[in-house]
1. Along the charge dipole of the stretch 1-118, Cβ charges K/R +1 and D/E -1, which of 106, 27, 69 sits furthest on the positive end?
2. Measure nothing but the geometry: give the 0 to 90° angle between the long axis through the Cα atoms of 239-249 and the longest principal axis through the Cα atoms of the chain, rounded to 10°.
3. Using a Förster radius of 56 Å, what is the FRET efficiency between residue 29 and residue 383 based on their Cβ-Cβ separation? Nearest 0.05, please.
4. For the stretch 200-212, take each phi angle, set θ = phi - 60°, evaluate the Karplus expression 6.51 cos²θ - 1.76 cosθ + 1.60, and give the result in whole Hz per residue in order, putting x for glycine and proline.
5. Compute the longest continuous run of the chain that contains no exposed GluC sites (Glu not before Pro); treat a site as exposed when its DSSP state is not H, G, I, E or B and it has at most 14 other Cβ atoms within 10 Å.
6. What distance in nm separates the simple spin-label points at residue 187 and residue 224, each placed 7 Å from Cα in the Cβ direction?
7. Shape verdict for the stretch 363-410, please, from the Cα gyration tensor: rounded (a/c under 1.5), prolate (a/b greater than b/c) or oblate.
8. For the stretch 114-126, in order, what is each residue's ³J(HN,Hα) by Karplus, 6.51 cos²θ - 1.76 cosθ + 1.60 with θ = phi - 60°, in whole Hz (x at glycine and Pro)?
Amino acid sequence: MSAVWLAYRLLAPALGVLAPAAAIFASPAERTLWAERMGRVSLPGGCDAWVHAASLGEAGAAAPLARALLALEPRARLWLTAQTRTGRARLSELGLPVSLAPIDSPQAVASFFAGVAPRLVLIVETELWPHWLLRARRSDVPVVIVSARLRERSVRSYSLLGRGLSSLVAGLSGVLCQGDEDARRWRALGAPAERTEVVGNLKNDALPRRAPSVRGARAALGLAPDRPLLVLGSLRPGEARLLARAWLDLPFGLRAPWQVVAVPRHPRASGELAAEARAAGQPVALRERAGRNGWCADDGKGAWRWDDRTGVLSGYYATADVAFVGGSLMPYGGHNPLEPAAAGAAVVIGPHHPTQADAVRALEQRRAVRVAAPGTELVSALATLLGDAAERERQAGAALQVAEEMRGAARRAVGRLAAWKLWPPA
């Protein structure tokens, strides 16, 4: 037995004993939901499926899955969970029972299963919590990973848990993967080969669409309705500097007509990223905190508009002419290029995008994305798309077609559940 697995199994019960008292150290917002973390929730009669999404991004992916499940069985009872408060808030918009997920202690998980009594567990993307899986196995509840993805690094990390975890993975009732590489890695981790299939990425079903009125949408965002828009989305530390240098290397006459909005991936990194841009010589205009209807007016012309609010990026993508997708100029793994593609923007992404390899590959096959390294490649990609309207429209149209073709993962996933007789509930 793996020493790591043994240590985890010994420490988790101790965590379960101490966790209830730890509420006094939590923030006020977290404290009000502490009972949910302890699994103290209830649904009389139980639920037909527990759908879990880790955070905000996965919560968006869980929405089409929930709708597809209910489309096949409208009377089904679902319970939704997330690890984060932002994910919980997103799930609550669906009007279904929702809570924070229980911590992975035997006490919290037992309380959750007793209160909600799920008859099927559907986990979106990756999360493998040993005590969740142990309790499901003990209760004879099937568990399926949906829109499953797995990095090579995660395979190595999970392997440290040895046979204890691999036996739980082997006992999964299904693994419905985003792509072929994910399926290969899940099988290497021990997932049942005959129940490990590719259905696509649930997030593609929740992709944004072009705003019906681009002018109106831009005005509502505090932008100039008639000026073309470049969106720098999901920026991570180090990338604002590289983008600012590329932007300032463009001829002034080429960039002058454009307005630029930058959206950091994580608000906590916003100050660092804005400082990077300024240090490279690019001014930024911050959102006004009071009214939130405009931008600070004292940053001078040519400033990038800077919006670090959570959940605003899809609205900007829906009105963008060109979009750069962050997390890709440096080795962060990349973010989803199909989001701006589905909204009708011409897309640029950096060379570091292993988590988005399938999406980038599909776009590259149609010449519907520009993959550009920092420096001259990035300058050239921006120059072409900003200056050549015909090429910009061609690339955006091709990308939109790819994005449309990649929707439908929720329908395919529920179809496999039905074929395995796991849904609808008996």
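1. 27
2. Helix 239-249 sits roughly 20 degrees off the main axis of the chain.
3. Values: r = 46 Å, r/R0 = 0.81.
Here the calculated transfer efficiency is 0.80.
4. Listing the rounded values in order: x, 9, 4, 4, 5, 6, 9, 4, x, 10, 4, 4, x Hz.
5. Counting only loop sites that pass the neighbour cut-off, the longest clear stretch is 94-287.
6. Result: 5.5 nm between the two label points.
7. Here the stretch 363-410 falls in the oblate category.
8. Values, residue by residue: 5, x, 9, 6, x, 9, 7, 10, 10, 9, 7, 5, 9 Hz.
The values are calculated or read from the model by the stated rules, or taken from the named source; none is laboratory data. Computed from a predicted structure; not experimentally measured. Every residue, glycine among them, receives a Cβ derived from its backbone with ideal geometry; neighbour counts consider all protein chains shown. Heads up: the accessible areas ignore ligands, DNA and RNA and are worked out on the full protein's heavy atoms, side chains in. Shrake-Rupley method; radii C 1.70, N 1.55, O 1.52, S 1.80 Å.
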